Every structure is written in C-alpha cells, then in structure tokens.
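Asker: My structure is below; once you've seen it, I'll send some questions.
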Amino acid sequence: MDLGLGQASERPSWDEYFMEIAKIVASRSTCLRRQVGAIAVRDRRILATGYNGAPTGLAHCGEVGCLRARMDVPSGERHELCRGLHAEQNVIIQAALHGISIRGATIYCTNQPCVLCAKMLINAGIMEIVFSGDYPDELAASILDEAGIRVRRFAAGPPESSSSGHRDPA
C-alpha cells in the first residue's frame, strides 16, 4: 500500500498481528521471572486475554517477593509453589468470567504452554496454539499431540492466510 510518502507499507499477517498483541498483554505481567501473555482468538476476533501474575486482589510478587526464587525452585518444576497464575490459565478464566466460550479458538501465547496449561487448553476446546518462546515441556507437547491440537511455533513473515483458513482481503 502506498502511503503517499514514497514508501510502501505491508500489513502484518494475522499471526504477526495477534502475536504482537500477546506481547503487549505480557507487558502487564507481575511475575519477576518471566512475562507471558496469551490471547484467545476465533474468526479473527479476540475473545479474551491473560497474563501471568498473582490472583486478583492479592499482593504482586514485586511487593512480597518471589516464592519460587526464595525456595530455589527451577523453572518448569513444582508449579504449585507459585503465587501466580499462568497466562493461559488467566485467558481461560477471563473468558469464563465474562461468559465467552473459547471452544474452537486459537491461543496465541508468548511462550509454549506447560503441561498444566496444556491440559486446561485441551478441556477448554482450543483447536490450535501458536507460540513464540520456548518452555521445554515434553509431556505438554505429547498430550497436545495426542489430543489433536495443532501447535505451531510463530514465524514472522509476509502476510499469509490466517489459521481459520481465510485469506486476507486485498
């Protein structure tokens, strides 16, 4: 598209657009270790967003310190030893609180889901997960595969068809 400034501007692909929004959502995170954002999308519409952090009304980790750091718990282990919820958990909760079904949706997440989130996303009826950052969890990958959920690593590139099978309008 010519902007009248002598330079062309390309629109981002739907994947790029939604992943950028997930990154902005992650900026709201209150976790001291990792900022993660997730959005649920169906038919190119954002249904809900979530980021990782303490439950509503509780002190943030920045105020009370990181329990996992104090206990020297490695990343990916002992998920129950954390004040916070994961971004994927919060996107499911936000949708439920507002009466929005996310069945059949795609989740765009700044990190690969852990096994706990993978199980929740399966039961929420998510059809596809697009992630950018690693969170190595072989069990999560295995059960998502077994459940038939499409999982893709985000790759920025030229505009393409969306995950819903529709082409970008010209």
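The values are calculated or read from the model by the stated rules, or taken from the named source; none is laboratory data. Just so we're clear, the structure is a prediction, and the values are computed from it rather than from any experiment. Here the Cβ is made from the backbone with ideal geometry for all residues, glycine too, and neighbour counts use every protein chain on show. Side chains included, ligands, DNA and RNA excluded: accessible areas come from the protein's heavy atoms. Shrake-Rupley method; radii C 1.70, N 1.55, O 1.52, S 1.80 Å.
Asker: Just give me the residues in segment 101-145 being at positive phi and open to solvent by less than 30 Å² (accessible area, probe 1.4 Å), in sequence order. Walk me through how you get there before you give the answer.
Answerer: If we filter segment 101-145 for residues that are at positive phi, which is where we start, we get 104, 125.
Correct list: Gly125 only.
Asker: A further question on this structure: Quick one: would you say Thr49 is part of a strand (DSSP E or B) and hydroxyl-bearing (Ser, Thr, Tyr)?
Answerer: Working: part of a strand (DSSP E or B): yes; hydroxyl-bearing (Ser, Thr, Tyr): yes.
Yes; evaluated as a whole, the condition is true for this residue.
Asker: Return the residues of segment 28-51 that are more than 16 Å from Ile129 (Cβ to Cβ) and either touching a residue at least 12 places away in the same chain (Cβ under 8 Å) or touching a helix residue (DSSP H, G or I) at 6+ places or on another chain (Cβ under 9 Å) (or both); say none if nothing qualifies. Write out each step before concluding.
Answerer: Start the filter on segment 28-51 by keeping residues that are more than 16 Å from Ile129 (Cβ to Cβ), which leaves 28-35, 43-45, 51.
Passing the criteria: Arg28, Ser29, Thr30, Cys31, Leu32, Arg33, Arg34, Gln35, Asp43, Arg44, Tyr51.
Asker: Now a separate question. Filtering segment 101-119 down to residues that are assigned to a loop (DSSP other than H, G, I, E, B) and in contact (Cβ under 8 Å) with a residue 60 or more places away in the chain, which residue is farthest from Ala22 (Cα to Cα)? Step through it out loud before you land on a result.
Answerer: Here is the first cut: in segment 101-119, the residues assigned to a loop (DSSP other than H, G, I, E, B) are 101-105, 112-114.
Among the residues that remain, those that are also in contact (Cβ under 8 Å) with a residue 60 or more places away in the chain are: 102, 104-105.
Working: Ile102: 16, Gly104: 18, Ala105: 15 Å.
For segment 101-119, the residue satisfying everything is Gly104.
Asker: Could you list all residues from segment 35-45 that are open to solvent by 40 Å² or more (accessible area, probe 1.4 Å) and under 13 Å from the mean Cα position of the chain (by Cα)?
Answerer: Of segment 35-45, the ones open to solvent by 40 Å² or more (accessible area, probe 1.4 Å) are 35, 42-45.
Of everything in segment 35-45, just one residue is open to solvent by 40 Å² or more (accessible area, probe 1.4 Å) and under 13 Å from the mean Cα position of the chain (by Cα), namely Gln35.
Asker: Tell me yes or no: at least one residue of segment 31-42 is over 22 Å from Ile92 (Cβ atoms), touching a Cys at 6+ places or on another chain (Cβ under 7 Å) and not small (Gly, Ala, Ser). I'd like the intermediate steps shown before the answer.
Answerer: In the first step, residues of segment 31-42 are kept if they are over 22 Å from Ile92 (Cβ atoms); the result is 32.
Adding the requirement that they be touching a Cys at 6+ places or on another chain (Cβ under 7 Å) leaves 32.
From what's left, not small (Gly, Ala, Ser): 32.
Within segment 31-42, one or more residues are over 22 Å from Ile92 (Cβ atoms), touching a Cys at 6+ places or on another chain (Cβ under 7 Å) and not small (Gly, Ala, Ser).
Asker: Here's something else I'd like to know. Restricting to segment 76-100, count the residues that are out of contact with any Lys or Arg (no Cβ under 7 Å at 6 or more places or on another chain), open to solvent by 30 Å² or more (accessible area, probe 1.4 Å) and assigned to a loop (DSSP other than H, G, I, E, B).
Answerer: Here the count works out to 10.
Asker: Can you pull out every residue in segment 59-75 that is touching a residue at least 24 places away in the same chain (Cβ under 8 Å) and part of a helix (DSSP H, G or I)?
Answerer: Cys61, Gly62, Arg68, Ala69
Asker: Shifting gears a bit: Taking segment 120-156 only, how many residues are assigned to a helix (DSSP H, G or I), farther than 18 Å from Ile93 by Cα and either free of Cβ contacts under 8 Å to residues at least 24 places away in the same chain or of a type outside the set (Val, Ile, Thr) (or both)? Before the answer, list the steps.
Answerer: Keep residues of segment 120-156 that are assigned to a helix (DSSP H, G or I), which gives 120-123, 138-146.
If we keep only those that are farther than 18 Å from Ile93 by Cα too, we end up with 138-146.
Imposing the further condition that a residue be either free of Cβ contacts under 8 Å to residues at least 24 places away in the same chain or of a type outside the set (Val, Ile, Thr) (or both) reduces the set to 138-142, 144-146.
Summing the residues that are assigned to a helix (DSSP H, G or I), farther than 18 Å from Ile93 by Cα and either free of Cβ contacts under 8 Å to residues at least 24 places away in the same chain or of a type outside the set (Val, Ile, Thr) (or both) in segment 120-156 gives 8.
Asker: Something else: Quick check: is even one residue across segment 47-63 out of contact with any Phe, Trp or Tyr (no Cβ under 9 Å at 6 or more places or on another chain), open to solvent by less than 70 Å² (accessible area, probe 1.4 Å) and at positive phi?
Answerer: Scanning segment 47-63, I find at least one residue that is out of contact with any Phe, Trp or Tyr (no Cβ under 9 Å at 6 or more places or on another chain), open to solvent by less than 70 Å² (accessible area, probe 1.4 Å) and at positive phi, so the answer is yes.
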